[in-house]
Amino acid sequence: MPSITALLGVELPVIQAPMAGVQDEALAIAVATAGGLGSMPCALLAPARLETALQRFASLDVPVNLNFFCHQMAEPDPVEAARWREALMPYYDELGIEPAEPGTAGARRPVDASTVELLERFRPRVVSFHFGLPAPTLLARIKGWGATVLASATTLEEGLWLERHGADLVIAQGVEAGGHRGHFLSDDVGRQPGTRALVAALSKAVRLPIIAAGGIGSRADVEVMLGAGAAGIQAGTAYLLCPEATTTAVHRRALQEHGRPAAITRLFSGRPARGLVNRLMRDLGPMSELAPRFPWASQALEPLRAAAQAAGADDFTPLWSGTRPNTFPGCDAARITRLLAGVA
């Protein structure tokens, strides 16, 4: 089996997780030029914005991973939206702001034919997916220009499915990982194991390289995952305090609060994702069914988030974080990458 550095065209077996809302091209480029695989989250990018990013990455002599979602897009449900606005109304009243008008702005979109047509013009070397894989015809086009394809699995069954359906590498997303859970065969989070156990199971059953993701905040954590059978690692929370990240001030402060717990919640998007516990999660319960189905929960929260953040509060901000505290305050992305790789 070829090494993941050879498969990905990088020097170090370290991938920076794609993290929408807390990064742009700068973080991906910093990691890539340091020898790791930088990643760019693309699910929220309009076509023109995606093209701008592709043009910038095309000028590099190192690859950058472009990450897309593969969810089935649910139609907005007026009943769900009205229920959600009603649940949030006390907060609107408290902050003295008007509720958000229903709309589709800011919705996370799945990869589609128009996206692949744009990608074909640039032929990126590495493309990754969350929530499964795209339709076979789209995946064939992506692999047709020689791209290496990564995808996330939260269970052994999902890893085996990804192997059968065309992934080149499997990201073992343990339950400790921050951000959205990547499940696509079952939404039962209780069935999703920790990273080390998932890596061990996948490395025995799947004939593809396994990337460990979740609960990795130090070189010691990396070595544990390599010992369990991982060929490399993916880290996200570790980069959230670096200067290249666009992490907000309230998010940075929350990440540095000693002992603040992280929990899985569906409140911010309608789909399970791990973040630091804040007021909204405490008030409504992190897995409350009040939130509409993915991706229609975030629109009504946006005015609340903006107003609270302007006052220095994180009450309505999705504070994505894994269970492992960030141990790299003051480090830039290149140094974090080298420390995780054990070459600093």
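The values are calculated or read from the model by the stated rules, or taken from the named source; none is laboratory data. All values reported here derive from a predicted model rather than from experimental measurement. Cβ coordinates were reconstructed from backbone atoms using ideal geometry, including for glycine residues, and neighbour counts include every protein chain displayed.
Remarks
- Scanning segment 253-270 for residues that are under 14 Å from A177 (Cα atoms) and in contact with a Gly (Cβ under 9 Å, 6 or more places away or on another chain), we see that the one that is surrounded by the fewest Cβ atoms within 10 Å (Cβ to Cβ) is A263.
Per-residue answers, yes or no, for (1) outside the structural domain of L208 (by TED's automatic domain parsing); (2) at pLDDT 95 or above; (3) closer than 22 Å to L60 by Cβ:
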{"site": "I97", "(1), (2), (3)": "yes, yes, no"}
{"site": "A113", "(1), (2), (3)": "no, yes, no"}
{"site": "V127", "(1), (2), (3)": "no, yes, yes"}
{"site": "S152", "(1), (2), (3)": "no, yes, no"}
{"site": "R164", "(1), (2), (3)": "no, yes, no"}
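- Residue under evaluation F184, criteria (1) of a type in the set (A, V, I, L, M, F, W, C); (2) out of contact with any helix residue (DSSP H, G or I) (no Cβ under 9 Å at 6 or more places or on another chain); (3) closer than 25 Å to A262 by Cα, criterion not met: (2)
- Here is the figure for segment 140-169: residues that are surrounded by 15 or more Cβ atoms within 10 Å (Cβ to Cβ), farther than 23 Å from Q16 by Cα and in contact with a Gly (Cβ under 9 Å, 6 or more places away or on another chain) total 1.
- Residues being within 17 Å of R125 (Cβ to Cβ) and buried (at least 16 other Cβ atoms within 10 Å of the Cβ) - total across segment 35-60: 12
- All positions within segment 37-52 that are closer than 27 Å to H183 by Cβ and either touching a strand residue (DSSP E or B) at 6+ places or on another chain (Cβ under 6 Å) or in contact (Cβ under 8 Å) with a residue 24 or more places away in the chain (or both): L37, G38, S39, M40, P41, C42, A43, L44, L50
- Within the set L290, L304, L340, the sole residue that is at pLDDT 95 or above, assigned by TED's automatic domain parsing to the domain that holds S186 and over 16 Å from the mean Cα position of the chain (by Cα) turns out to be L340.
- Per-region count, segment 275-315, residues touching a Pro at 6+ places or on another chain (Cβ under 7 Å) and surrounded by fewer than 20 Cβ atoms within 10 Å (Cβ to Cβ): 1
- Here is the figure for segment 6-36: residues that are closer than 11 Å to G232 by Cβ and without any contact (Cβ under 8 Å) to a residue 12 or more places away in the chain total 0.
- Only a single item in (1) assigned to a helix (DSSP H, G or I); (2) touching a residue at least 40 places away in the same chain (Cβ under 8 Å); (3) surrounded by fewer than 18 Cβ atoms within 10 Å (Cβ to Cβ) is not met by L339, and it is number (3).
- There is at least one residue in segment 115-126 that is crowded, with 23+ Cβ neighbours inside 10 Å and either in a strand (DSSP E or B) or in contact with a His (Cβ under 7 Å, 6 or more places away or on another chain) (or both).
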